[in-house]
Amino acid sequence: MKTMWAPWRMEYILSDKPDACVFCQALDVSDNLTLYKGSTTLVVMNKFPYINGHLLVAPCRHIAALKHISKDEMGDLLLTVEKSIDILKEVMRPDGFNVGLNLGRVAGAGVEEHLHFHIVPRWFGDVNALTVFADVRVIPEHIRATYQNLKPNFEQLPPTISK
Ligand SMILES: [Zn+2]
């Protein structure tokens, strides 16, 4: 298998990071990476994905730690993770997922101050599982095309998933 560089990932690693929080910005600005804005949870495409279909699910509030999330927010957050996985399964048909939190820079957190779950779809034969969070990988489909494929399903989700 041939490995390709994802230049936008290297761009991110080398670039000056913006001062404003990207998740709070996603709530304000209507960009073309935000898939879902609910009452307490949002879903955005990772602009610098590890692999095609890499999504980020965050509480709308600017919260850094799980202990600061209310029970309602937690319920909605996890249900939104579940719904996002369902949509990725339906649209992209991956064989599995890596789902998790990167807490702290040492663990790979790019935005430490606003908690977010990573959802990384995986296909048999894509890349080495253990390096998925640490390296540059093949992105076979352009991020905008993926966004267009996923968006209609996210538009059908209600504002509060837990109700
Ligand atoms: Zn924020």
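Taking the criterion of being under 20 Å from V99 (Cα atoms), among the polar types (S, T, N, Q) and more than 16 Å from the ligand (Cβ to nearest atom), the only residue of the range 22-61 that qualifies is N52. For the range 28-62, a tally of residues being touching a His at 6+ places or on another chain (Cβ under 7 Å) and acidic (D, E) returns 0.
Here is a yes/no grid of residues against (1) in contact with a Gly (Cβ under 6 Å, 6 or more places away or on another chain); (2) at pLDDT below 95; (3) in a helix (DSSP H, G or I); (4) of a type in the set (S, T, N, Q):
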| site | (1), (2), (3), (4) |
| --- | --- |
| Y50 | no, yes, no, no |
| V57 | no, no, no, no |
| L78 | no, no, yes, no |
| V91 | no, no, yes, no |
| L103 | no, yes, no, no |
| G110 | no, yes, no, no |
| E113 | no, yes, no, no |
| V120 | no, yes, no, no |
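Within the range 33-62, being more than 12 Å from the chain's Cα centre (by Cα) and open to solvent by 30 Å² or more (accessible area, probe 1.4 Å) holds for K37, S39, T40, R61, H62. Among the residues in the range 63-76, are any touching a His at 6+ places or on another chain (Cβ under 8 Å), buried (at least 16 other Cβ atoms within 10 Å of the Cβ) and modelled with pLDDT of 90 or more? Scanning the range 63-76 turns up at least one residue that is touching a His at 6+ places or on another chain (Cβ under 8 Å), buried (at least 16 other Cβ atoms within 10 Å of the Cβ) and modelled with pLDDT of 90 or more.
For the range 86-111, a residue qualifies if it is surrounded by 13 or more Cβ atoms within 10 Å (Cβ to Cβ) and touching a residue at least 40 places away in the same chain (Cβ under 8 Å), and the qualifying residues are I87, L88, V91, M92, P94, G110, V111.
The values are calculated or read from the model by the stated rules, or taken from the named source; none is laboratory data. Predicted model, so just to flag it, every value in this text is computed and none were measured. Cβ coordinates were reconstructed from backbone atoms using ideal geometry, including for glycine residues, and neighbour counts include every protein chain displayed. Side chains included, ligands, DNA and RNA excluded: accessible areas come from the protein's heavy atoms. Shrake-Rupley method; radii C 1.70, N 1.55, O 1.52, S 1.80 Å.
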